[in-house]
1. May I ask you to list pairs of residues, at least six apart or on different chains, whose Cβ atoms are under 6 Å apart, with the first in segment A:117-133 being within 13 Å of chain B (Cβ to nearest Cβ) and the second being open to solvent by 70 Å² or more (accessible area, probe 1.4 Å)?
2. Give the residue that is nearest to the chain's Cα centre (by Cα), with candidates limited to residues of segment A:69-94 that are basic (Lys, Arg) and closer than 14 Å to A:Val20 by Cβ.
3. Can you pull out every residue in segment B:61-113 that is basic (Lys, Arg) and open to solvent by less than 40 Å² (accessible area, probe 1.4 Å)?
4. Can you spot a residue in segment A:34-51 that is open to solvent by less than 60 Å² (accessible area, probe 1.4 Å), over 13 Å from the mean Cα position of the chain (by Cα), of a type outside the set (S, T, N, Q) and within 7 Å of chain B (Cβ to nearest Cβ)?
5. Mind listing whichever residues of segment A:1-47 are over 28 Å from A:Val76 (Cα atoms) and not charged (D, E, K, R)?
6. Of the residues in segment B:118-131, how many are part of a loop (DSSP other than H, G, I, E, B), more than 10 Å from every other protein chain (Cβ to nearest Cβ) and open to solvent by 70 Å² or more (accessible area, probe 1.4 Å)?
7. Out of all the residues in segment B:50-61, is one or more assigned to a helix (DSSP H, G or I), modelled with pLDDT of 90 or more, under 42 Å from the mean Cα position of the chain (by Cα) and within 7 Å of chain A (Cβ to nearest Cβ)?
8. Could you look through segment A:1-33, keep only residues that are among the hydroxyl-bearing types (Ser, Thr, Tyr) and open to solvent by 40 Å² or more (accessible area, probe 1.4 Å), and pick out the one that is farthest from the other protein chains (Cβ to nearest Cβ)?
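The values are calculated or read from the model by the stated rules, or taken from the named source; none is laboratory data. This structure is a prediction, so every number in the text was calculated from the model and none was measured. Because the Cβ atoms are built from the backbone with ideal geometry, glycine has one as well, and the counts that use them run over all protein chains shown. In case anyone asks, the SASA skips ligands and DNA or RNA and just uses the protein heavy atoms, side chains included. Shrake-Rupley method; radii C 1.70, N 1.55, O 1.52, S 1.80 Å.
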Amino acid sequence: MGITDDVTLPTEEELTVQEVNLSGPALKAGAFHLGKACEFENNEFILCRNELKDPRACINEGKATTNCALNFFRQVKKTCADEFMQYVNCLDKSSPDQKFLPCRKTQGVFDKCVKDNLGMERPPYDYFARVHVHKTARPRPPVEGPAVYEDATPGLPEDTPRPEAKYGSRYIFMW
Amino acid sequence: MSSDIKFQQDMPPAGGYKPIDYKRVPAKTFFSGWALIGGYLGMTAGAAYLYYLNCKAVRARELEMRSASLAIYPMLLAERDREYLKQLRRNRDEESSLMANVEGWKTGTWYGEPIYHTAPPNTLINPKYVEYYVHSSFKDFSERANMAWLS
């Protein structure tokens, strides 16, 4: 209930693309390089989502995001599969919540492989928690002004005389 | 008591009693009071510095985890959005077919009465999870509602 027939929903075919079929530790292992490689697509998608606040309006941006992530992981699989899986395994089994700290060695190996093969530097540890400026060609969404009601009380005209208060101010607090 | 024991008066020892030992013997002091206070402050300062270093490291670790989560968030959100919209369509189709022979029923409304009268008809009103899971199995719903023991 709540979704009427007037609401346009994309069809199943429009929404079906190949998803990134990876588990949590693998995503965590590739997170930093993925975020750097797909920075533009990710920012576009999140900008769209936050500006329009409607999942239906950002399907294409979302598809671009997923496509970029897929391409990144394909590249990693082509070049650094062993190093990546070693790192994933370490992240998965060293701690209950995939901490990075116990896996610095495997991380270093993976980073070096990615840098040698894909030419990608691992971004600083707080890179994605910083504020970034995103240059985009997206049109700015219309700004919704304050609501105007027809039956609102008309305000005083500008030239109303404003004399001094007749009996001064109330000097007792809250009375 | 036999009578052959001679009476003997108890007397002080020859040369008199020793003087009463009332002189105070303080415990041996290794540190003066100022040194103790200074030591306390110094150790506290040192410990505070170590604590600061530790806090910084912990913060950095948390920040790194958060940063990694934020890096994959757009991809996960995109996937979630697509699945969400698919499920909304499934729910709407299910409701239409379920209520097909109920007279006066209009999908998404209560017999033609919408949730918001002033909202444009194409507004996507995100359903509550109770509504979202209404056509699914109770097990799925209970997992979503954190009612399941192991999920």
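1. Pairs found: A:Pro123/A:Lys36; A:Phe128/B:Leu70; A:Ala129/B:Arg66.
2. A:Arg74
3. Looking only at segment B:61-113, we keep the residues that are basic (Lys, Arg), and these are B:61, B:66, B:80, B:82, B:86, B:89-90, B:92, B:106.
Listed by number, the residues that qualify are B:Arg82, B:Lys86, B:Arg92.
4. Just the residues of segment A:34-51 that are open to solvent by less than 60 Å² (accessible area, probe 1.4 Å), to begin with: A:34-35, A:37-39, A:41-49.
Narrowing further to those that are over 13 Å from the mean Cα position of the chain (by Cα): A:34, A:37.
Those still in the list that are of a type outside the set (S, T, N, Q) too: A:34, A:37.
Next, only the ones that are within 7 Å of chain B (Cβ to nearest Cβ) stay: A:34.
Yes.
5. A:Met1, A:Gly2, A:Ile3, A:Thr4, A:Val7, A:Thr8, A:Leu9, A:Pro10, A:Thr11
6. We begin by selecting, within segment B:118-131, every residue part of a loop (DSSP other than H, G, I, E, B); these are B:118-128.
Keeping just the survivors that are more than 10 Å from every other protein chain (Cβ to nearest Cβ) gives B:118-119.
Among the residues that remain, those that are also open to solvent by 70 Å² or more (accessible area, probe 1.4 Å) are: B:118.
Residues meeting the conditions: 1.
7. As a first pass, look at segment B:50-61 and keep what is assigned to a helix (DSSP H, G or I): B:50-61.
Right, trim to modelled with pLDDT of 90 or more and you get B:50-61.
When the remaining residues are screened for being under 42 Å from the mean Cα position of the chain (by Cα), the result is B:50-61.
From what's left, within 7 Å of chain A (Cβ to nearest Cβ): B:60-61.
Checked against the condition, which is being assigned to a helix (DSSP H, G or I), modelled with pLDDT of 90 or more, under 42 Å from the mean Cα position of the chain (by Cα) and within 7 Å of chain A (Cβ to nearest Cβ), segment B:50-61 yields at least one hit.
8. Restricting attention to segment A:1-33, the residues satisfying the condition of being among the hydroxyl-bearing types (Ser, Thr, Tyr) are A:4, A:8, A:11, A:16, A:23.
Subset that is open to solvent by 40 Å² or more (accessible area, probe 1.4 Å): A:8, A:11, A:16, A:23.
Details: A:Thr8: 6, A:Thr11: 7, A:Thr16: 8, A:Ser23: 12 Å.
Here the residue is A:Ser23.
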